[in-house]
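What follows is a single structure, written as structure tokens, with notes after it.
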Amino acid sequence: MDTPARRTTLQELDPNAGLQGLTSKQYAFAINVFSGMTYADAYRQAYPDQNMNDAVLGRTASALAAHPLVRAKLTEMRVKV
């Protein structure tokens, strides 16, 4: 019986990180993408209260990933690793 992989917590990943202009949900999305989730899955987890079809979800998640502050945060996290 395989144990599911444990997700890295925000504090483990970037303990001194501030939001740096991001909302907490944008930050959660960036962390999720950095940890290997697809944009759609990262969006679903960061914004669980949203109810949209897959096509709209994909476009919305892609647009969020292209947001300048989110892109900058992802670049910063990748550089730190």
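We did not get these values from a lab; they are worked out from the coordinates using the rules stated. Every value quoted in this text rests on a predicted model; they were computed, and no experiment measured them. Because the Cβ atoms are built from the backbone with ideal geometry, glycine has one as well, and the counts that use them run over all protein chains shown.
How many nm separate the modelled label positions at THR38 and ALA72, each set 7 Å beyond the Cα in the direction of the Cβ? In this crude label model, THR38 to ALA72 measures out at 3.0 nm.
Near SER35, no amide H atom lies under 5 Å from its own; only residues 5 or more places off or on other chains count, and H is placed 1.01 Å from N.
Taking only the Cα atoms of region 41-81, the radius of gyration and Dmax are 11.8, 35 Å. Taking the average, over residues, of other Cβ atoms within 10 Å as the packing measure, peptides 40-48, 61-69, 25-33 rank 25-33, 40-48, 61-69 from highest down. You can think of it this way: the chain between SER24 and ASP54 has 8.5 nm of extra reach, that is 0.36 nm per residue less the Cα-Cα gap.
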